[in-house]
Amino acid sequence: MTETPLSELEAILLVGGQGTRLRPLTLGTPKPLLPTAGVPFLAHQLARARSFGVRRIVFATSYRAEMFSEAFGDGSAFGLSLEYMTEETPLGTGGAIRNAAEALTCGPDAPVLVLNGDILSGHDIGDQVATHLARKAAVTLHLTEVEDPSRFGCVPTDEDGRVTAFLEKTPNPVTNRINAGCYVFTRSVIDTIPAGEVVSVERETFPGLIEDGALVLGYADASYWLDVGTPAAFVQGSRDLVLGRLSSPALPGPTGDLLTLPGAVVDAGA
């Protein structure tokens, strides 16, 4: 396998969900487009991906798909090339990745970054990709540690970092490490996902690869991580960006106690 410079790294961004936990905010707008610290939520993910060398991103869209291209166009404002692949009917996480992969240009041995459109993360994407390449893994999953893993599926690993199981939510988790929603796939592995079918990477693809003996790696770290799927978490994410608890190249002003955009007027009594 040849090393892939990060400047040639392609990414798939999963933004097809309806954001039901954030209703009524998401009734007219997809969750990844909701304003977050002064810009659409996805602006932070796009700017961060670019900061790690990503130059081309394929959006996997479904719900209100046209709004993404209206918001970001061809991506040139972010120094990116953006493509949009829409599912006529939702295909699940695996089906969405497989559908979006039709627009990739990389070869079968190349790494492909897969991002979820509702996660804020401070982890080192470049190091995750480098680990994937060095270990010649089929897939490398970003794992994060949480206080209450019973709310998530947990992902145990052995001493070499190999993922040994993909466990559903349980009252007594075997580990506090969970799937953090950022994956590096070897392109040829994406091509093994059935095309045009509803497939879950969490319930089908990853367990199937583990069962077949493929190397599924866990990339665990303790950096900032937040799933912004609930109203409380959404507000927290915006606040943490403004306060500088997570850095973002897309923030439209300096971090601090408050962020006021040009033209905004703050009442003296606020």
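A few points about this structure:
- On Cα atoms only, tilt of 231-243 relative to the major axis of the chain in degrees: 70 degrees
- Accessible carbon and sulfur surface of segment 180-270 relative to its total accessible area, %, 1.4 Å: 54 percent
- Kirkwood Rh (inverse of mean 1/r, distinct Cα pairs), the chain, angstrom: 19.1 Å
- Between the beta carbons of D109 and D267, assuming R0 = 51 Å, the FRET efficiency works out to 0.30 to the nearest 0.05.
- Table column - 3J(HN,Hα) (Hz), segment 250-259, Karplus curve with 6.51, -1.76, 1.60, x for Gly and Pro: 8, 4, x, x, x, 6, x, 5, 8, 10
- In sequence order, segment 155-172 has phi-based couplings of 10, x, 10, 8, 5, 8, x, 6, 6, 9, 6, 10, 9, 6, 4, 8, x, 10 Hz under the Karplus curve 6.51 cos²θ - 1.76 cosθ + 1.60, θ = phi - 60°, and Gly or Pro positions carry x.
- Rounded to the nearest 10 degrees, the inclination of helix 41-51 to the longest alpha-carbon principal axis of the chain is 60 degrees.
- Taking every DSSP bridge with both residues inside the chain, close to 50 percent are antiparallel.
- S188-A222 pseudo-label distance in nm [points 7 Å out on the Cα-to-Cβ vector]: 3.8 nm
- Cα long-axis angle, helix 125-135 against the chain (0 to 90 degrees, to the nearest 10): 0 degrees
- Segment 74-133 - percent of accessible surface contributed by carbon and sulfur, probe 1.4 Å: 49 percent
- Under 5 Å between amide hydrogens, built in the peptide plane, is the criterion, and for T36 it picks out F41 among residues at least 5 positions away or on other chains.
- Cα-projected label distance for T164 with V235, points at 7 Å along beta-carbon direction, nm: 4.1 nm
- Heavy-atom accessible surface of segment 155-205, averaged per residue, reaches 51 Å², computed with a 1.4 Å probe.
- Formal net charge of residues neighbouring F166 (Cβ-Cβ distance under 9 Å; K, R +1; D, E -1): -1
- A Förster radius of 30 Å combined with the Cβ-Cβ distance from N176 to E211 puts the calculated FRET efficiency at roughly 0.80.
- Calculated [222 nm] ellipticity per residue, helices only, for the chain: -6500 deg cm²/dmol; basis is -39500 (n - 2.57) per DSSP H run with n ≥ 4, divided by all residues, nearest 500.
- Legend: residues E88, E66, sorted from most to least accessible area (1.4 Å probe; ligands, DNA and RNA excluded), read E88, E66.
The values are calculated or read from the model by the stated rules, or taken from the named source; none is laboratory data. From a predicted model like this one, the values you see are computed outputs, not experimental measurements. Neighbour counts are summed over all protein chains in view; Cβ atoms, including those assigned to glycine, are modelled from backbone coordinates with ideal geometry. The accessibility values were calculated without ligands, DNA or RNA, using every heavy atom of the protein model including side chains. Shrake-Rupley method; radii C 1.70, N 1.55, O 1.52, S 1.80 Å.
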